[in-house]
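These notes concern the structure reproduced below.
The values are calculated or read from the model by the stated rules, or taken from the named source; none is laboratory data. Just so it is clear, the model here is predicted, and its values are computed rather than measured. Quick reminder, even Gly has a Cβ in these numbers, built from the backbone with ideal geometry, and neighbours come from all protein chains shown.
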Amino acid sequence: MHCAHFQAARCRSCGWLAMPYATQLAARAAQAQALLPDPAIRWLPPLASRETGFRNRAKMVVSGSTQAPRLGILDAAGAGVDLEDCPLYPPALQAAFAPLRRLIRRAGIEPYSVPRRRGELKYLLVTLAEDSGALMVRFVLRSRTALPALRCALPHLVAELPQARVLSANLQPVHQAVTEGPEEILLGAEDALPLRLNGLRLWLGPQAFFQTHAATAAVLYRQVREWVRQLDPPAVLDLFCGIGGFALHCADGRREVLGVEISAAAVALARRAARDNALQRVRFESADAVQGVRALGRLPPLVIVNPPRRGLGADLCTALQASAAQRLVYSSCNPDALARDLAALPDFRVRAARVLDMFPHTRHCELLCLLERTP
């Protein structure tokens with residue numbers, strides 16, 4: 001992939017970009033196998049990615065001025081770098097940036113300046129449902145000050161960008177390297193973006209997690225569904241279930257499926273998807289993962305875990321180690337955290353694994369493992 005920003009050293013987020021893509025993929029596979037050196041592991045072929053246009057979400061720092069806003073990242077001095085033509089974004093995302101710049105000018109919202117600690121608009125977070133082209137646009141603001149002007153300008157944006165279906169403002173008042181705050185304010189009638197994946201309708205909400213690479217996520221869900229079908233457990237527990245991706249894919253009406261997620265908003269979206277897809281014997285509960293495991297008492301024979309980058313943590317590993325679960329499916333976006341968790345799960349061994357390239361041109365990858373309790 002050619003990127004003028006990388007060549008000019010304006011952006012080095014894609015640290016492996018100078019490496020041929022086939023070499024990148026081979027290096028990720030080699031890293032994963034070095035992390036899990038057991039010769040008994042069955043390694044499935046690594047999943048390659050498109051090299052360009054694969055991201056379904058853009059996190060754009062807003063900088064510059066009200067009349068000349070820039071969307072992209074900040075350099076080391078805190079100045080804005082325009083990345084509207086970043087080749088990681090598909091055309092449908094790139095086409096949304098110019099109308100959003102015009103909205104900033106029309107509403108007169110001052111971009112937030114990190115060096116000066118002043119201004120109102122910090123980020124634009126734009127999510128694309130690739131199957132329909134519909135967009136979710138979130139404005140991360142320092143305060144409510146700009147909300148009236150933003151609301152007045154939104155009809156112009158919707159007229160110019162009708163695919164913007166979900167609109168919201170997120171309030172992030174602190175001067176920290178934290179993208180979002182806890183308060184979300186809907187600015188339109190729709191509260192979630194529908195996405196069709198593997199024949200299922202999922203719902204993406206303003207503060208609910210979903211992978212930034214939908215095509216790779218589709219393969220990830222299919223792989224887990226295939227393992228579950230082969231093992232055929234009577235029940236499945238999906239921890240850190242988010243909007244329900246794994247649980248919904250495993251809900252075939254033959255087994256009980258429970259998804260547990262700390263975000264009540266994500267659980268509401270998962271329940272909505274279960275209804276829309278007319279799925280039976282699947283339910284979702286809002287709880288911390290450790291609390292959810294303790295509340296269940298006896299766990300089902302198969303547990304799916306998809307933790308954040310920090311991993312499962314000592315308490316959850318202890319609970320899983322002492323549970324009745326016989327198999328774990330672990331989807332990891334941080335193989336280092338995975339290695340720490342495996343050390344805290346001594347009764348389990350990795351039987352099968354697969355590298356999925358969720359983050360092309362970087363050293364990061366998604367590593368999917370099937371673990372089995374040893375006698």
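Just to be sure before I move on: is Val350 of a type in the set (Val, Ile, Thr), modelled with pLDDT of 95 or more and buried (at least 23 other Cβ atoms within 10 Å of the Cβ) in the structure I sent?
no
Okay, residues lined up against (1) more than 22 Å from Leu248 (Cα to Cα); (2) hydrophobic (A, V, I, L, M, F, W, C):
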{"position": "Asn277", "(1), (2)": "no, no"}
{"position": "Ala289", "(1), (2)": "no, yes"}
{"position": "Gly292", "(1), (2)": "no, no"}
{"position": "Gly297", "(1), (2)": "yes, no"}
{"position": "Gly311", "(1), (2)": "yes, no"}
{"position": "Ala337", "(1), (2)": "yes, yes"}
{"position": "Ala344", "(1), (2)": "yes, yes"}
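Restricted to the range 274-372, the set of strands (runs of 3 or more DSSP E) holding at least 1 residues that are within 30 Å of Pro20 (Cβ to Cβ) and either outside the structural domain of Ala264 (by TED's automatic domain parsing) or in contact (Cβ under 8 Å) with a residue 60 or more places away in the chain (or both) comprises 327-332, 348-356. Taking the range 182-209 as the range and being at pLDDT 95 or above, part of a loop (DSSP other than H, G, I, E, B) and under 21 Å from the mean Cα position of the chain (by Cα) as the test, the residues that pass are Glu190, Asp191, Ala192, Asn198, Gly199, Gly205, Pro206. The set of residues in the range 111-130 that are without any contact (Cβ under 8 Å) to a residue 40 or more places away in the chain, in contact with an Asp or Glu (Cβ under 7 Å, 6 or more places away or on another chain) and either surrounded by 21 or more Cβ atoms within 10 Å (Cβ to Cβ) or basic (Lys, Arg) (or both) contains only Glu120. The residue list Val228, Val236 contains one member that is surrounded by 24 or more Cβ atoms within 10 Å (Cβ to Cβ), in contact with a Cys (Cβ under 6 Å, 6 or more places away or on another chain), in contact (Cβ under 8 Å) with a residue 40 or more places away in the chain and under 13 Å from Val303 (Cβ atoms), which is Val236. Here Pro162 clears all of (1) more than 21 Å from the chain's Cα centre (by Cα); (2) closer than 30 Å to Arg118 by Cα; (3) part of a loop (DSSP other than H, G, I, E, B) except the condition numbered (2). The residues of the range 112-162 that are under 28 Å from Gly199 (Cβ atoms) and of a type in the set (Asp, Glu), listed by number, are Glu130, Asp131.
State yes or no: is Leu171 under 30 Å from Ala325 (Cβ atoms) and at pLDDT 95 or above? Don't jump to the end; show me each part of the working.
Numbers: under 30 Å from Ala325 (Cβ atoms): no; at pLDDT 95 or above: yes.
It is false that Leu171 is under 30 Å from Ala325 (Cβ atoms) and at pLDDT 95 or above.
In the range 289-324, what residues are touching a Lys or Arg at 6+ places or on another chain (Cβ under 7 Å) and farther than 18 Å from Val350 by Cα? Residue satisfying the conditions is Ala319 alone. Number of residues in the range 135-182 that are among the acidic types (Asp, Glu) and out of contact with any strand residue (DSSP E or B) (no Cβ under 8 Å at 6 or more places or on another chain): the value is 1.
Taken over the range 243-271, the residue count meeting the criterion of being closer than 26 Å to Glu184 by Cα and surrounded by fewer than 20 Cβ atoms within 10 Å (Cβ to Cβ) is 6.
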